[in-house]
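K.L.:
Sharing a structure below in structure tokens format, with a few things to ask.
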Ligand SMILES: Nc1ncnc2c1ncn2[C@@H]1O[C@H](COP(=O)(O)OP(=O)(O)OP(=O)(O)O)[C@@H](O)[C@H]1O
């Protein structure tokens, strides 16, 4: 696939509840095919809203979005995009294997490729022993991993992940990052990845998008010009650390502004 996998042009979204929240304002973003892009920013700056719009689950109030050159809904119907939400919904009566396999089986007619070996994917995600268990028997982190394998089973061109590793301990998180990178490398998919972890963003990404709230907007786009694989040695290097510090400064600005706005309102 060549060209832009995800394109947002002047996207705005207002949530009208008890109060009016400008969740997104004037979002312009182009993600070239095959890139790994992370989105980072204070809570409430619109990261999930942006992901849901790209996934076709919400419509923007202004602007336009395309995914693989088509509308998000069409891309979703054609199973060209997969979403791992913050709280993945698994069917309680199905086993881990059943849950991970179901969407790929149901959507087989859309798939241009043979079904992947889901058992192998589950084993690689550290779920080999849990394959025949039901969701109620799993930890939160295990449920997240099932959701990731399930999304990969659809073999999407675009994969959207909303804080997929937030429920994991540090070492499991590292192992899962590793696996995500492997699968990303094998499939050549485009990834849009929401995280609160600066280290995770620098480790995984080609580009990091920094957002700020009120209104939710993009304040910085940082290309991570580090070689891959990003080994433990590289993670401890001054070059890696410089990216972390720079992103931390940019995020602090976004947080400070948020605090200031909250105090003023
Ligand atoms: N369905 C909704 N109705 C009303 N307001 C909403 C709705 N969804 C989101 N919001 C508001 O829109 C803003 C952006 O929310 P969003 O969940 O996109 O932020 P976020 O950056 O993903 O936050 P977090 O990091 O905490 O997950 C927040 O102020 C939130 O309260």
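K.L.:
Multiply the residue gap between residue 14 and residue 246 by 0.36 nm, knock off their C-alpha separation, and tell me the result in nm, one decimal place.
P.N.:
The span from residue 14 to residue 246 would gain 80.5 nm if fully extended.
K.L.:
Sticking with this structure for a sec: Whole number please: convex hull volume per residue of the Cα set in region 48-100, in Å³?
P.N.:
For region 48-100, the hull spanned by Cα atoms encloses 90 Å³ per residue.
K.L.:
Then there is this: In 5 Å bins starting at zero, report the fraction of Cα pairs in region 1-158 per bin as a rounded %.
P.N.:
Values per bin, smallest distances first: 2, 9, 16, 18, 17, 15, 12, 8, 3, 0.
K.L.:
I'd like the FRET efficiency for residue 62 and residue 257, computed as 1/(1 + (r/R0)^6) with the beta carbon distance as r and R0 of 22 Å, rounded to 0.05.
P.N.:
It comes to 0.45.
K.L.:
Then there's this: Determine Rg/Rh for region 140-185; Rg is computed over alpha-carbon atoms and Rh is the Kirkwood hydrodynamic estimate from the same atoms.
P.N.:
That ratio equals 0.94.
K.L.:
Set the Förster distance to 25 Å, then compute FRET efficiency between residue 33 and residue 223 from the Cβ-Cβ distance, nearest 0.05.
P.N.:
0.95
K.L.:
Here is a follow-up. Along each of the three principal axes of the Cα atoms of the chain, give the extent in whole Å, ordering the values from largest to smallest.
P.N.:
So the three principal-axis extents are 53, 43, 39 Å.
K.L.:
Which whole-percent values make up P(r) of region 91-155 when all C-alpha to C-alpha distances are grouped in 10 Å steps starting at zero?
P.N.:
Histogramming region 91-155 at 10 Å steps yields 24, 57, 18, 2 percent.
K.L.:
So, one more: Suppose each label sits 7 Å from its Cα in the direction of the beta carbon; what would the residue 171-residue 73 distance come out to in nanometres?
P.N.:
It works out to 4.8 nm between the two label points.
K.L.:
If only Cα atoms are counted, what is the Rg of region 146-241, and what is its Dmax, in Å?
P.N.:
Taking only Cα atoms of region 146-241, I get Rg and Dmax of 13.9, 39 Å.
K.L.:
Further, regarding this structure: Suppose each label sits 7 Å from its Cα in the direction of the beta carbon; what would the residue 235-residue 94 distance come out to in nanometres?
P.N.:
Each label point is offset 7 Å from its Cα along the Cβ direction, giving 3.2 nm.
Read-outs: derived from the displayed coordinates by stated rules, not from any lab. Because the structure is predicted, anything quoted here is derived from the model rather than measured. Cβ atoms come from the backbone with ideal geometry, glycine included; neighbour counts cover every protein chain shown.
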